[in-house]
Amino acid sequence: MFNVLLHTHSGMWGVMVLLFILSFAFYQQKGWSMALRLAYLIMLATGIWMLTLIGFPWKFILKGILALILIGLMEATLGKRKRRESTLTLWILIIVILIVILLLGYEVL
Ligand code: HEM
């Protein structure tokens, strides 16, 4: 079961990032952001499930919290895009936090 969750989780994060870029580029088309939110749900569900299976190590609790912040920043960025406001700072935060999450996920950090 853990391996199925891990493969789903590690296969989905790339899809989530791609869907975020498409939602940003085509912000007037609702379909991309709906698919993005489904990707969030899959990442959260598989992540929390794995966390319970491995006994809540603090590093992955921290990674889960960073992931929630990342999702919040992505949603804020799409909101600003729709209002045609600058999103540069949010993009920088998203890239930095995503890199930290990946380093924690692949246990580099
Ligand atoms: C939404 C952004 C997220 C990204 C980009 C992400 C990314 C990753 C990556 C790349 C891995 C390693 C996969 C592999 O080894 O093949 C991983 C593993 C993991 N992630 Fe996430 N993750 C996210 C959200 C979450 C959340 C919200 C949680 C929990 C609340 C979580 C918990 C875990 C756990 C427990 C593992 C497995 C650790 C292990 O191998 O023992 N992740 N994640």
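The values are calculated or read from the model by the stated rules, or taken from the named source; none is laboratory data. Computed from a prediction, not measured in an experiment: that's the story for all the values here. Every residue, glycine as well, gets a Cβ built from its backbone with ideal geometry; the counts of neighbours run over all protein chains shown. The protein model used for the area step is the full one, side chains on, heavy atoms only, and it has no ligands, DNA or RNA in it. Shrake-Rupley method; radii C 1.70, N 1.55, O 1.52, S 1.80 Å.
Summary table below
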item: Selection within the stretch 53-88 - among the hydroxyl-bearing types (Ser, Thr, Tyr) and open to solvent by 40 Å² or more (accessible area, probe 1.4 Å); result: Ser86
item: Pair list, Cβ < 9 Å and 6+ apart or interchain, from the stretch 50-61 residues that are within 20 Å of Leu103 (Cβ to Cβ) to residues that are part of a loop (DSSP other than H, G, I, E, B) and open to solvent by less than 50 Å² (accessible area, probe 1.4 Å); result: Leu51/Pro57
item: Some residue of the stretch 13-20 being surrounded by fewer than 18 Cβ atoms within 10 Å (Cβ to Cβ), over 11 Å from the mean Cα position of the chain (by Cα) and at pLDDT 95 or above; result: no
item: Matching entry among Ser10, Ser86 (being more than 23 Å from Gly105 (Cβ to Cβ) and either at pLDDT below 95 or over 10 Å from the mean Cα position of the chain (by Cα) (or both)); result: Ser86
item: Trp91 being under 26 Å from Val108 (Cα atoms) and surrounded by fewer than 11 Cβ atoms within 10 Å (Cβ to Cβ); result: no
item: Hey, Lys63 basic (Lys, Arg) and under 12 Å from the mean Cα position of the chain (by Cα) or not; result: yes
